[in-house]
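Enquirer: Here it is: the structure, laid out below.
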Amino acid sequence: MLAALAEGASDISHFSAAADCRSTLDCVSRLGAKVTAQGDRVRIAGAGLAGLRKSRRKLDAGNSGTTMRLLAGILAGQEFRTVIDGDASLRRRPMRRIMDPLAKMGARIHAREGGYAPLEIEGTRLTPIEYTLPVPSAQVKSTILLAGLFADGVTSVIEPVRTRDHTELALAEFGAHLEHEGRAIRIHGRPRLTGRALTVPGDLSSAVFFLAAAMVLPESNIVIHNVGLNPTRSAVLDVLGSMGAPISLVSVSSAHGELVGDISIRHEPLQGGVLEGDAIAQLIDELPAIAVLGPYTEQGIEIRNAAELRVKESDRIAALAENLRRMGAQVEERPDGLRVEGRSAGRLHGAEIEPRGDHRMAMAFAIAALGAEGDTTIRDAECAGVSFPDFFSTLDRLVER
């Protein structure tokens with residue numbers, strides 16, 4: 001998205017084949033950025049901050065909440081009308097949380113009753129605001145900061161707890177002027193963004209499934225190379241380490257504002273534990289992979305303060321509880337989380353899993369199935385392609401070794 005707003009070309013290496021990322025490419029292309037893709041290399045000839053044009057058709061974000069929410073911030077600052085829609089799952093995800101701050105900046109956004117996609121965005125010249133997030137959300141924060149690019153003055157976002165800062169780092173990399181003071185992030189409007197040559201690090205939220213697999217299968221020992229180790233995203237490594245996973249980081253360096261390195265892990269019995277409080281905001285995408293480890297731990301795993309899981313691609317709390325029970329786990333479901341009993345409750349058995357069209361559910365239960373007795377069938381397993389099209393073939397190669 002930032003490359004589309006920059007002046008000049010951006011060459012991006014190691015671009016993901018995930019469906020969500022392809023949806024973003026399609027959207028920025030329809031808005032006037034020239035996109036050339038070959039394998040995992042993408043070149044984007046930016047249109048400049050004032051160069052986007054109205055799409056002839058509505059934009060399709062597919063399954064990607066990140067695409068819809070962040071792009072809404074950019075579209076709010078355009079002087080044309082845009083409609084952006086998505087699949088059935090995305091149409092169930094709440095958009096009021098971005099509509100309200102964007103309206104305060106002057107944008108007019110129409111949605112289905114209750115604040116659901118499709119969104120019809122009447123862009124305008126925006127007014128800067130100071131906005132305190134009612135719920136920790138990196139996506140909402142990013143939406144406002146991207147809208148702030150088109151505001152006359154300084155836009156501020158105040159976080160109740162620190163959330164993932166990939167957007168801030170990328171904005172700075174492209175030339176935006178940001179300031180940090182405590183929990184406040186400020187962005188100065190109307191910067192000149194410049195195209196860059198960039199390499200995308202491996203996604204830790206995807207890598208965590210293989211780390212979890214090593215904890216399920218005895219005698220496992222794996223190294224995952226060139227993974228993004230952003231401190232606002234790597235809390236999952238601390239959590240696994242606190243449960244007894246022997247994790248090592250090697251060859252750590254910085255590239256384009258992001259930390260990158262290799263992760264080494266070998267199998268050791270996990271103790272389990274309780275996840276709660278401020279840490280949840282930095283673990284939200286990794287919680288499904290952690291939850292399915294519960295039956296393989298000594299103490300079990302309890303997740304609290306994670307009601308946000310109910311409004312992801314699926315109700316992840318309900319999906320985790322339902323499918324773990326199908327496999328024989330003892331699970332207590334709660335409004336804001338769940339407790340999964342440890343190995344003393346018995347070994348998991350194979351079952352038919354319903355991931356509810358959610359990529360992280362499909363991948364999480366593939367990991368749970370590795371240590372289960374008997375075969376497990378995951379319906380609609382291709383939904384993993386939203387974020388990781390090669391997940392099952394990669395897992396198959398690892399297990400075969």
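Enquirer: Return only the number of the condition from (1) in contact with an Asp or Glu (Cβ under 7 Å, 6 or more places away or on another chain); (2) surrounded by fewer than 17 Cβ atoms within 10 Å (Cβ to Cβ) that V236 does not satisfy.
Expert: (2)
Enquirer: Right, next: Select, from R97, R91, R69, the only residue that is assigned to a helix (DSSP H, G or I), in contact with a Lys or Arg (Cβ under 9 Å, 6 or more places away or on another chain) and in contact (Cβ under 8 Å) with a residue 60 or more places away in the chain.
Expert: R69
Enquirer: Shifting gears a bit: Select from the range 299-324 the residues that are farther than 23 Å from T376 by Cβ and not aliphatic (A, V, I, L, M) and write down the one among them that is surrounded by the most Cβ atoms within 10 Å (Cβ to Cβ).
Expert: Here the answer is E302.
Enquirer: Next up: For the range 1-48, give me each residue that is more than 22 Å from I121 (Cβ to Cβ), of a type in the set (S, T, Y) and touching a helix residue (DSSP H, G or I) at 6+ places or on another chain (Cβ under 9 Å).
Expert: Selection gives S10, S16.
Enquirer: Scan the range 342-373 for residues that are within 16 Å of L217 (Cβ to Cβ), assigned to a loop (DSSP other than H, G, I, E, B) and touching a strand residue (DSSP E or B) at 6+ places or on another chain (Cβ under 6 Å) and jot them down.
Expert: Once the filter is applied, which keeps residues that are within 16 Å of L217 (Cβ to Cβ), assigned to a loop (DSSP other than H, G, I, E, B) and touching a strand residue (DSSP E or B) at 6+ places or on another chain (Cβ under 6 Å), the range 342-373 yields R347, A372.
Enquirer: Would you check if I44 is under 21 Å from the mean Cα position of the chain (by Cα), in a strand (DSSP E or B), in the same structural domain as L126 (by TED's automatic domain parsing) and not acidic (D, E)?
Expert: Answer is no for this residue.
Enquirer: Which of the residues spanning the range 157-197 are under 22 Å from the mean Cα position of the chain (by Cα), surrounded by fewer than 21 Cβ atoms within 10 Å (Cβ to Cβ) and either more than 26 Å from I224 (Cβ to Cβ) or not assigned by TED's automatic domain parsing to the domain that holds R125 (or both)?
Expert: Across the range 157-197, the qualifying residues are I158, E159, P160, V161, A172, R183, A184.
Enquirer: Please work out which residue is nearest to A151 (Cα to Cα), limiting yourself to the range 111-120 and to residues that are in contact with a helix residue (DSSP H, G or I) (Cβ under 9 Å, 6 or more places away or on another chain) and in a strand (DSSP E or B).
Expert: Among them, the one singled out is L119.
Enquirer: Look through M361, M327 and report the one residue that is touching a residue at least 60 places away in the same chain (Cβ under 8 Å) and either more than 24 Å from the chain's Cα centre (by Cα) or closer than 24 Å to A207 by Cα (or both).
Expert: One residue alone meets the criteria, M361.
Enquirer: Determine whether the range 256-279 contains at least one residue that is touching a Leu at 6+ places or on another chain (Cβ under 6 Å), crowded, with 16+ Cβ neighbours inside 10 Å and modelled with pLDDT under 95.
Expert: yes
Enquirer: Also: Looking for something assigned by TED's automatic domain parsing to the domain that holds H177, more than 25 Å from A6 (Cβ to Cβ) and part of a strand (DSSP E or B) - is there at least one such residue anywhere in the range 139-156?
Expert: No; the residues of the range 139-156 include none that is assigned by TED's automatic domain parsing to the domain that holds H177, more than 25 Å from A6 (Cβ to Cβ) and part of a strand (DSSP E or B).
Enquirer: Among the helices (runs of 4 or more DSSP H) lying completely within the range 233-340, list those that include at least 3 residues that are over 29 Å from H14 (Cβ atoms).
Expert: So the answer is 316-326.
Enquirer: Exactly one of (1) of a type outside the set (K, R); (2) more than 21 Å from L283 (Cα to Cα); (3) in a helix (DSSP H, G or I) is unmet by P218. Its number?
Expert: Of everything listed in (1) of a type outside the set (K, R); (2) more than 21 Å from L283 (Cα to Cα); (3) in a helix (DSSP H, G or I), P218 misses just condition (3).
Enquirer: Looking only at the range 213-233, count how many residues are farther than 20 Å from V260 by Cα and crowded, with 22+ Cβ neighbours inside 10 Å.
Expert: Here the count works out to 3.
Enquirer: Would you mind telling me which numbered condition in (1) part of a helix (DSSP H, G or I); (2) under 20 Å from H188 (Cα atoms) G106 fails?
Expert: For G106, the exception is condition (1).
Enquirer: Please go through the range 133-152 and give me each residue that is over 13 Å from K104 (Cβ atoms) and touching a strand residue (DSSP E or B) at 6+ places or on another chain (Cβ under 6 Å), ordered by number.
Expert: Those that are over 13 Å from K104 (Cβ atoms) and touching a strand residue (DSSP E or B) at 6+ places or on another chain (Cβ under 6 Å): K141, L145, F150.
Enquirer: Now for a different question. Taking the stated definitions as given, is S29 in a helix (DSSP H, G or I), outside the structural domain of F391 (by TED's automatic domain parsing), surrounded by fewer than 18 Cβ atoms within 10 Å (Cβ to Cβ) and not aliphatic (A, V, I, L, M)?
Expert: In short, yes.
Enquirer: Given the conditions (1) under 30 Å from G86 (Cα atoms); (2) out of contact with any helix residue (DSSP H, G or I) (no Cβ under 8 Å at 6 or more places or on another chain), and given that I317 satisfies all but one, which numbered condition is not satisfied?
Expert: So I317 meets the others, but not (2).
Enquirer: Scanning the range 364-401 for residues that are without any contact (Cβ under 8 Å) to a residue 40 or more places away in the chain and more than 23 Å from the chain's Cα centre (by Cα), which turns out nearest to E322 (Cα to Cα)?
Expert: T377
Enquirer: I would also like to ask the following. Go through the range 340-358 residue by residue and tally those that are surrounded by 15 or more Cβ atoms within 10 Å (Cβ to Cβ) and touching a residue at least 40 places away in the same chain (Cβ under 8 Å).
Expert: 10
The values are calculated or read from the model by the stated rules, or taken from the named source; none is laboratory data. Since the structure is predicted, the reported quantities are computational estimates derived from the model, not experimental observations. We place every Cβ from the backbone using ideal geometry, glycine too, and count neighbours over all the protein chains shown.
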